[in-house]
Amino acid sequence: MDSATKAPWHLWVVGIVTLLWNGFGANDYTQTQLRNMDYLNSMGYPQAGIDYLDQFPAWAEAGWALGVWGAVMGSVLLLLRSRFAVWSFVISLIGIALTTVYEAGADMPAELAEMQPGWFPILLWCLAIFQLWYAWSMKKKGVLR
């Protein structure tokens, strides 16, 4: 194997850590979509929050799904050293953008807004952008095939 295409140690660290992070998001999305009341209660999700979710338009739901599953797939493809990881992270960012647009104009219940720290959306965006940048960088260096 050419040393230019050898996977650096940090690819495995970034791939595994992002898969764990994105996996948590995928679990949250799945449990929320299935309205798993045991999960929602364990997270302290108020009834007003469930009502809020029930009002999501289809395009916002689709954005949420793209954001979550694009990121999970991106992490898996990164670990598989596939160049398609870049596109998966692009899809994830598009999904996050759709969800952000909806939430910016939606009337979120106070009980739900209090559950999420103000810095959390910033963290989500920073991590999503980092994942895209990292995959793009690894592709550019010939690590992703």
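The values are calculated or read from the model by the stated rules, or taken from the named source; none is laboratory data. No experiment lies behind these values; they were computed from the predicted model shown. Note that we place each Cβ from the backbone using ideal geometry, even for glycine, and neighbour counts take in every protein chain shown. Note: accessible area is taken over every heavy atom of the protein model, side chains too, but ligands, DNA and RNA are not part of it. Shrake-Rupley method; radii C 1.70, N 1.55, O 1.52, S 1.80 Å.
Remarks
- Within this structure, Ala85 fails the test of being assigned to a helix (DSSP H, G or I), open to solvent by 70 Å² or more (accessible area, probe 1.4 Å) and either of a type in the set (A, V, I, L, M) or at negative phi (or both).
- Of all residues making up segment 13-30, the number that are open to solvent by less than 20 Å² (accessible area, probe 1.4 Å) and β-branched (Val, Ile, Thr): 1
- Of the residues making up segment 69-82, just one is free of Cβ contacts under 8 Å to residues at least 24 places away in the same chain and surrounded by fewer than 18 Cβ atoms within 10 Å (Cβ to Cβ), namely Leu80.
- Options Met43, Met108, Met73, Met115: the member that is at pLDDT 95 or above and on the phi < 0 side of the Ramachandran plot: Met73
Table: residues versus (1) surrounded by 13 or more Cβ atoms within 10 Å (Cβ to Cβ); (2) within 16 Å of the chain's Cα centre (by Cα).
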{"site": "Met37", "(1), (2)": "no, no"}
{"site": "Trp64", "(1), (2)": "yes, yes"}
{"site": "Gly67", "(1), (2)": "yes, yes"}
{"site": "Trp119", "(1), (2)": "no, yes"}
{"site": "Ile122", "(1), (2)": "no, yes"}
{"site": "Lys140", "(1), (2)": "no, no"}
